[in-house]
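J.: Have a look at this one.
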Amino acid sequence: MELYLLDWLNLLLRWAHVIVSIAWIGSSFYFVFLDNSLVKPTDPDLRSKGVDGEIWAVHGGGFYNPQKYLVAPKTLPEKLHWFFWESYSTWLTGFALFTVLYLFNAESFLIDRRVFDWSPAAATMAALALLAGFWVAYDAICRLFTGRAQGERIIGILVAGLVIGAAWLACQLFSGRAAFLLTGAMMATAMSANVLIWIIPGQRKVIAQMKAGQPVDPIHGQRGKQRSVHNTYFTLPVLIAMLSNHYGWLYQGKSNWVVLVGMMLAGALIRHSFVIRHKALATGQPVSWRTAIAGTLLIGLIVAAVGMRDGRFVAAAVPQAGNAAAPAASGVIALTEQNLRQVIDQRCVACHNAGLAQKNVALHTPELLTQHAQAVYQQVVITRQMPLNNATGLTEAERDLVKRWYDSMRQNSSSR
């Protein structure tokens with residue numbers, strides 16, 4: 001019952017996280033599009049009011065005319081709509097999900113003893129330290145170089161180096177799956193902290209200055225714009241880092257951090273292509289040829305990762321004593337009922353038995369193995385997610401045995 005309720009909590013938190021993430025990313029993308037699509041108003045009345053840019057749009061059967069003021073409107077409207085709970089809710093639900101799934105199960109989810117052998121408590125503290133440390137380092141870079149000559153270019157280079165370093169470090173300390181997720185979580189934490197510490201407080205200071213009849217300091221808008229731009233370039237790298245941890249053949253590779261960095265770079269380039277496209281459409285300028293770089297990079301990654309998909313570059317399994325189904329000299333295990341049973345009993349049954357049926361899957365009898373054959377094939381051969389972090393040391397020869405067993409089952413079924 002405890003595992004059943006935990007699965008429900010996992011599902012509901014994941015659902016809530018996706019919902020609020022859609023709201024945050026959607027509003028963020030819209031305002032970045034808006035910012036890059038504004039044109040100078042031609043109406044003298046708008047200019048006299050301080051409107052610096054406007055756009056006309058049609059949606060849902062109506063026309064919209066959003067306008068942006070250079071610093072702030074001359075008079076403060078009675079009601080303002082704030083965009084911050086989307087960000088806070090995304091981080092809170094994401095951290096709750098990370099806690100339930102990874103921190104409470106650090107032994108299984110955070111730790112891969114082939115990568116780094118340490119205690120669950122130490123791994124948990126290190127994961128939390130990385131979340132906070134990434135933000136501190138990122139924020140320090142922005143503080144140090146904002147306003148300097150070539151400051152934004154330097155910030156971009158240093159932040160890119162920070163992301164690469166964080167991805168490398170996470171992959172040296174944690175299981176591949178956790179490392180991918182944690183890298184995305186570090187960047188997502190920085191995104192939400194940008195909203196909490198810089199963007200919203202800056203907007204509140206502007207409003208306070210307006211209410212007090214003081215001149216509005218433009219630095220608050222400039223800082224908010226800077227962090228908003230950073231957030232939009234972080235978004236797609238965060239999403240690919242979060243999603244890719246569901247594909248075991250990616251995160252189990254020996255150089256998994258290189259793949260992760262490559263995918264995140266492609267995400268940033270894809271986002272950049274949209275940003276410059278919005279500007280090009282607003283100004284009438286042609287879209288740069290550099291927008292094709294992201295697609296080229298992704299194709300290169302797909303080709304380079306073929307070896308990981310078929311297991312050639314997957315990290316070596318932990319040696320296990322008493323492996324009765326050890327591969328023959330040819331590296332192939334004979335497909336016999338006894339060999340298959342020994343592999344399942346040794347590698348799978350510890351978590352999938354009558355007393356502990358993880359994910360409601362038990363494999364301790366031949367009948368149950370046949371019943372769950374498709375799920376076993378998907379998780380062991382296709383996605384390579386099981387065993388989790390390969391904790392039981394399933395070998396490539398044993399994965400191949402499972403594949404040939406499932407293929408033979410399908411052939412026998414189709415011939416009837």
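J.: Output the number of residues of the range 1-45 satisfying the condition of being among the hydroxyl-bearing types (S, T, Y) and over 19 Å from G224 (Cβ atoms). Break it down into steps so the answer makes sense when it comes.
T.: Applying the first criterion (among the hydroxyl-bearing types (S, T, Y)) to the range 1-45 yields 4, 21, 27-28, 30, 37, 42.
Now drop any that are not over 19 Å from G224 (Cβ atoms), which leaves 4, 21, 42.
Selection size over the range 1-45: 3.
J.: Between residues in the range 367-391 that are over 16 Å from N353 (Cβ atoms) and assigned by TED's automatic domain parsing to the domain that holds R404 and residues that are among the acidic types (D, E) and crowded, with 20+ Cβ neighbours inside 10 Å, which pairs lie under 8 Å by C-beta distance while being six or more apart or on different chains?
T.: Partner pairs satisfying both residue conditions: N389/D112; N390/D112.
J.: Please verify whether the range 50-65 includes one or more residues that are buried (at least 16 other Cβ atoms within 10 Å of the Cβ) and among the aliphatic types (A, V, I, L, M).
T.: Yes; the residues of the range 50-65 include at least one that is buried (at least 16 other Cβ atoms within 10 Å of the Cβ) and among the aliphatic types (A, V, I, L, M).
J.: When you look at L101, is it at pLDDT below 90 and under 30 Å from R47 (Cα atoms), yes or no?
T.: Against the criterion (at pLDDT below 90 and under 30 Å from R47 (Cα atoms)), L101 does not qualify.
J.: Within the range 7-35, restricting attention to residues that are surrounded by 13 or more Cβ atoms within 10 Å (Cβ to Cβ) and small (G, A, S), which residue is farthest from the chain's Cα centre (by Cα)?
T.: In this case the residue turns out to be S27.
J.: Where residues in the range 74-98 are surrounded by 14 or more Cβ atoms within 10 Å (Cβ to Cβ) and either more than 16 Å from R14 (Cα to Cα) or among the basic types (K, R) (or both), which of them is modelled with the highest pLDDT?
T.: F84
J.: Is it the case that L243 is in a helix (DSSP H, G or I), at pLDDT 90 or above, surrounded by fewer than 18 Cβ atoms within 10 Å (Cβ to Cβ) and not assigned by TED's automatic domain parsing to the domain that holds V376? Steps first, answer last, please.
T.: Working: in a helix (DSSP H, G or I): yes; at pLDDT 90 or above: yes; surrounded by fewer than 18 Cβ atoms within 10 Å (Cβ to Cβ): yes; not assigned by TED's automatic domain parsing to the domain that holds V376: yes.
Considered against the rule, which asks whether it is in a helix (DSSP H, G or I), at pLDDT 90 or above, surrounded by fewer than 18 Cβ atoms within 10 Å (Cβ to Cβ) and not assigned by TED's automatic domain parsing to the domain that holds V376, L243 comes out as yes.
J.: Related question: Quick one: which helices (runs of 4 or more DSSP H) lie wholly within the range 42-132 and hold at least 1 residues that are more than 30 Å from Q252 (Cβ to Cβ), assigned by TED's automatic domain parsing to the domain that holds L182 and not basic (K, R)?
T.: 85-98
J.: Just one of L298, L281 is of a type outside the set (G, A, S), modelled with pLDDT of 70 or more and in a helix (DSSP H, G or I); which is it?
T.: Selected residue: L298, the only one of L298, L281 that is of a type outside the set (G, A, S), modelled with pLDDT of 70 or more and in a helix (DSSP H, G or I).
J.: Based on what the data block shows, is L158 touching a helix residue (DSSP H, G or I) at 6+ places or on another chain (Cβ under 7 Å), assigned to a helix (DSSP H, G or I), of a type outside the set (F, W, Y) and in contact (Cβ under 8 Å) with a residue 40 or more places away in the chain? Lay out the reasoning, then the answer.
T.: Working: touching a helix residue (DSSP H, G or I) at 6+ places or on another chain (Cβ under 7 Å): yes; assigned to a helix (DSSP H, G or I): yes; of a type outside the set (F, W, Y): yes; in contact (Cβ under 8 Å) with a residue 40 or more places away in the chain: no.
So L158 fails the test.
The values are calculated or read from the model by the stated rules, or taken from the named source; none is laboratory data. Since this is a predicted model, take the numbers as computed values, not measurements. All Cβ positions, glycine included, derive from the backbone under ideal geometry; neighbour counts span all protein chains shown.
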